[in-house]
1. Note the full-extension length gain between F166 and A56 as 0.36 nm times their separation in residues minus their Cα-Cα distance, in nm to one decimal.
2. Tell me, what is the per residue accessible area of the stretch 89-168 in Å², probe radius 1.4 Å?
3. Hey, rough spin-label estimate for A138 and T45, points 7 angstrom out along Cα→Cβ, what's it come to in nanometres?
4. Please check which bits of the stretch 37-51 a label hung off E87 would reach, taking the label as a point 7 Å along Cα-to-C-beta and the cut-off as backbone N under 16 Å.
5. What FRET efficiency comes out for V94 versus E67 if R0 is 22 angstrom and r is the Cβ-Cβ distance? Round to the nearest 0.05.
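The values are calculated or read from the model by the stated rules, or taken from the named source; none is laboratory data. Since the structure is predicted, the reported quantities are computational estimates derived from the model, not experimental observations. No Cβ is skipped: glycine too gets one built from the backbone with ideal geometry, and neighbour counts run over all protein chains shown. Surface areas here come from the heavy atoms of the whole protein model, side chains and all, with no ligands, DNA or RNA. Shrake-Rupley method; radii C 1.70, N 1.55, O 1.52, S 1.80 Å.
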Amino acid sequence: MKKVTGILAIAAGLFMFTATATQAQTRKDAKGVPLGIGISVGTTTDKSPFEYAYGADLGFQFELSRELALTATGGYTSFKAKDGQGEDYNFIPVKAGVKVFPQIGGLYLSGEAGFGFGTEKDSKESFIYSGGLGYQTAGGFDIGARYEGVTQQRTSNTFRPQNGQFALRLAYSFKL
């Protein structure tokens, strides 16, 4: 996990360097539908039977105004089990949400909810919810931090009572 954290810190540093080299985002012409591609790495909560999580996603951002955008994302997430505490939990998250831009540079607040469809045999869908904040540059780079909770059905063969992660997401988006 220390290696993953180190790699994540380096990636975040490179992102910040790149973000400061581009112009600040004013969102004056924030209309359109950007497509974003991202990766995320997270650490799970203390009570979780999982050690860490990672994933990738593809998402659309439907920009309604300078201050508000609706989101739709899908991807792949893997929660890695701690030694001796069961199996990994892999799922395909499908979420919808909202981003609010308070007009402080490219800063935003986000919230999403949706379902995760387990990839293992006899695993059931999960309810997923998340909230976080991030920064989006005019050049299309995006860095965000979020808490994501995962509530599984008790009848699933992958059921764990405590699932959740604090994740860092790095992404790039471009307008279609």
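1. On the way: separation 110, 0.36 × 110 = 39.60 nm, distance 1.50 nm.
Gain on extension, F166 to A56, equals 38.1 nm.
2. Details: 3640 Å² over 80 residues.
Ligands and nucleic acids excluded, the result is 45 Å² per residue.
3. The answer from the label model is 4.1 nm.
4. The answer is 50.
5. On the way: r = 26 Å, r/R0 = 1.16.
Computed FRET efficiency for V94 and E67: 0.30.
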